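Q: Below are the structure tokens for one structure; questions will follow.
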């Protein structure tokens, strides 16, 4: 191994998630480094680039990995930003580890492989327990969110009873009310993208945090089950957020509260419309075929499903509402999400895909040129698309 002149002679340790995941046999992610017994000036003199705001963090001059000075912290205000940090050269590695959130994240390893585990994090890893490091856990409400996210990721782990008690206390004290939307969304979105989001959602509900930080959210057992289902299908974040909102009537208010990205907001708004339209048309056409409606009849087996102008108009109206002609990829994601939510819908998605292709193939320019006046162009184009649907 070549010598790293930037860190040569320093007490440098890998800490946190990289050590934890290596012990669990998981793929290595980003590494976090802690440096002990050195001043910020000495780091700069070695070529490190200072980037920290509240406390000294530096980028390695070559690898650009982050190196933080060992620090202690003291509560000085409300919320996750209400801390005063101390990074004197006399701060020990053990003191730095003791300010972390969970014992499984408070394990360090030196460059030579020596492990430092003052809080028995390795033991908790083997026992599959998520346990808070100490009383200071309750000073930072973000730690509840992180704990919930870890529940979604590490599906065989359980939360220590005393940690659950502390989470309840933090919610009751109003500490979680100081959480800012950006940080809530950051942790929530990462949990939604984990293997079993229902475990995150369940924990937040159990300790009373969900109703405080996501007031409008209706979190039923069905929603939690569906969150896991779309996660297993590998659907994108926008789909997972839309499913989370399925039984929430105040989607716009929730989306505004969490300040979610526009693609997630749009998916949450449109998914209920897509589900309702696909279910209604499939049931109408299946019933019209004769006999009892089993809800599972493919639309291409009911004769010509869009010969009726009303049915064709319903299909085109949904495409227009979802802006599917300009954003067909998003509509495809909506179909995939709707199919993951409802078995009946999944059977008819192929028909809707083919109908969209028919509409997209219409020569809108030719239809527009057939208009005798500019105010007739939109009507002519729409009529051409309806005719194509009925004729296919």
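Q: How far is it, in nm, from the label point at residue 225 to the one at residue 259 when both lie 7 Å from their Cα along the line to the Cβ?
A: It works out to 3.6 nm between the two label points.
Q: Sticking with this one: When ranked by the protection proxy of mean other Cβ atoms within 10 Å per residue, highest first, what sequence do the peptides 182-193, 376-387 form?
A: Most protected by this proxy first, the peptides run 182-193, 376-387.
Q: What is the extension gain from residue 59 to residue 195, computed as 0.36 nm multiplied by their sequence separation minus the C-alpha to C-alpha distance, in nm to one decimal?
A: Taking residue 59 through residue 195 to full extension adds about 45.8 nm, to one decimal.
Q: Now, a different point. What percent do you get for the relative contact order of the chain when only Cα pairs under 8 Å and 6+ apart count?
A: 9 percent
Q: If you don't mind, there's one more thing I want to ask. Hey, can you rank 124-137, 36-49 by average C-beta count inside 10 Å, highest first?
A: 124-137, 36-49
Q: Can you give the direction-averaged projected area of the convex hull of the alpha-carbon atoms in the chain, in nm²?
A: Averaging across all directions leaves 25.9 nm² for the Cα convex hull.
Q: Another question, then. Can you tell me the orientation of helix 142-153 relative to the chain, as the angle in degrees between its alpha-carbon axis and the longest Cα principal axis, to the nearest 10?
A: On a 0 to 90 degree scale, this one is about 60.
Q: Quick check: pseudo-label points 7 Å beyond the Cα along Cα→Cβ at residue 313 and residue 28, how many nm apart are they?
A: 6.4 nm
Q: Under the rule of -39500 (n - 2.57) per DSSP H run of 4 or more residues, summed and divided by the residues of the chain, what mean residue ellipticity at 222 nm is obtained, to the nearest 500 deg cm²/dmol?
A: Rounded to the nearest 500, it is -15000 deg cm²/dmol.
Q: On full extension of the chain, what length is gained from residue 95 through residue 376, given 0.36 nm per residue of separation minus the C-alpha to C-alpha distance?
A: Result for the pair: 93.7 nm of gain on full extension.
Q: Could you list, bin by bin from short to long, the percent of Cα-Cα pairs of region 130-201 in 5 Å steps?
A: Here the calculated profile for region 130-201 is 3, 18, 27, 25, 20, 7, 0.
Q: May I pose another question? Scaled to the compact-protein estimate 2.2 N^0.38 Å, what is the alpha-carbon radius of gyration of region 128-260, rounded to two decimal places?
A: Dividing the Cα Rg of region 128-260 by 2.2 N^0.38 Å gives 0.99.
Q: Using the per-residue mean of other Cβ atoms lying within 10 Å as a proxy for protection, in what order, highest first, do the peptides 271-280, 245-254 fall?
A: Highest to lowest by the protection proxy: 271-280, 245-254.
Q: For residue 123 and residue 249, FRET efficiency with R0 = 51 Å and r from the beta-carbon atoms, rounded to 0.05?
A: According to the calculation, E is roughly 0.65.
Q: Evaluate the distance, in nm, between pseudo-label points positioned 7 Å from the Cα of residue 363 and of residue 111 along their respective Cα→Cβ axes.
A: 7.1 nm
Coordinate-derived values only; no laboratory data. Just so it is clear, the model here is predicted, and its values are computed rather than measured. Quick reminder, even Gly has a Cβ in these numbers, built from the backbone with ideal geometry, and neighbours come from all protein chains shown.
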